[in-house]
Amino acid sequence: MQTQSRLIFLHGLEGSSQGVKASLLRSLFPGILTPDFRGSLEERLAKLRQILGDKQGWKIIGSSFGGLMAALVTCERPQQVAQLVLLAPALVWPDFANQAHEQVAVPTIIFHGSRDELLPLNLVRSLAERTFSNLDFRVVDDDHGLYHTVHSLDWGKILGEKT
C-alpha cells in the first residue's frame with residue numbers, strides 16, 4: 001500500500017526503523033518509508049540520496065540526526081522536497097552549523113523540546129532561522145526524545161495526508 005505523496009522518516013543516530021516514532025508513523029501512514037541508516041553521516045546521506053532518486057514531492061520527517069540529514073539533503077536538493085518536519089534536529093552538527101547555506105523556501109516545521117538537554121534550543125532555532133525562510137519553529141514542553149509530542153500531534157493535518 002502506498003500513500004499519495006512520497007513520505008519518508010529518518011531516524012536518529014542510534015535509532016532504527018523499529019523505533020517508537022517510525023512505528024507510530026507507519027501505523028498512521030502505511031506507505032511511509034522508514035529505512036535504517038548506519039555508518040558515517042556521508043554514508044547515510046549517500047543512501048538517502050539513492051532512496052530519493054530524482055523524484056520530487058518528498059515530505060521528509062527527520063528526528064535528531066535524521067533531522068540533520070533531512071536538512072542537509074533539503075539544502076542540497078530543495079526542488080525535490082515538498083515539506084520538511086524536523087523533530088529536535090541536530091543542526092548543531094558541524095557539517096550543517098559551519099556551512100553557509102542559501103535560504104531554502106521549503107515549508108519547514110520544527111518541534112524542539114524546552115527540556116532538551118542534548119541540543120541547545122536557541123542555537124538550533126538560530127541555525128534554522130538562518131536556513132529556512134518558510135519556517136514554523138514550535139517549542140514544546142518535552143525533552144529531546146519528543147515522545148509525548150509525537151504521540152499528541154495531528155500528523156494527518158501537519159502532512160496534509162489522510163490517516
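So the values come out like this:
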{"quantity": "Test for Ala46: is it in contact (Cβ under 8 Å) with a residue 40 or more places away in the chain and either in a helix (DSSP H, G or I) or among the aromatic types (Phe, Trp, Tyr) (or both)", "calculated": "no"}
{"quantity": "The range 18-54, subset small (Gly, Ala, Ser) and at pLDDT 95 or above, residue surrounded by the most Cβ atoms within 10 Å (Cβ to Cβ)", "calculated": "Ala22"}
{"quantity": "Residue that is touching an Asp or Glu at 6+ places or on another chain (Cβ under 8 Å) and assigned to a loop (DSSP other than H, G, I, E, B), where the choices are Asp54, Asp116", "calculated": "Asp116"}
{"quantity": "Tabulated pairs, the range 145-163, first on the phi > 0 side of the Ramachandran plot, second part of a helix (DSSP H, G or I), C-beta under 9 angstrom, 6+ apart or interchain", "calculated": "Leu146/Lys21"}
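Rundown of residues vs (1) exposed (fewer than 13 other Cβ atoms within 10 Å of the Cβ); (2) among the small types (Gly, Ala, Ser); (3) closer than 14 Å to Ser64 by Cβ, yes/no style:
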residue: Gln99; (1), (2), (3): yes, no, no
residue: Glu102; (1), (2), (3): yes, no, no
residue: Pro107; (1), (2), (3): no, no, no
residue: Leu121; (1), (2), (3): no, no, yes
residue: Ser126; (1), (2), (3): no, yes, no
residue: Phe137; (1), (2), (3): no, no, no
residue: Asp143; (1), (2), (3): no, no, yes
residue: Leu153; (1), (2), (3): no, no, no
residue: Gly160; (1), (2), (3): yes, yes, no
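Here is a yes/no grid of residues against (1) more than 19 Å from Val140 (Cβ to Cβ); (2) not hydrophobic (A, V, I, L, M, F, W, C):
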{"residue": "Gly12", "(1), (2)": "no, yes"}
{"residue": "Ser16", "(1), (2)": "yes, yes"}
{"residue": "Glu43", "(1), (2)": "yes, yes"}
{"residue": "Leu48", "(1), (2)": "yes, no"}
{"residue": "Leu84", "(1), (2)": "no, no"}
{"residue": "His101", "(1), (2)": "yes, yes"}
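The rows are residues; the columns are (1) under 14 Å from the mean Cα position of the chain (by Cα); (2) farther than 26 Å from Glu102 by Cβ.
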residue: Leu121; (1), (2): no, no
residue: Arg125; (1), (2): no, no
residue: Asp136; (1), (2): yes, no
residue: Asp143; (1), (2): no, yes
residue: Tyr147; (1), (2): no, yes
residue: Val150; (1), (2): yes, yes
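The values are calculated or read from the model by the stated rules, or taken from the named source; none is laboratory data. Computed from a predicted structure; not experimentally measured. Glycine gets a Cβ as well: all are built from the backbone with ideal geometry, and neighbour counts include every protein chain shown.
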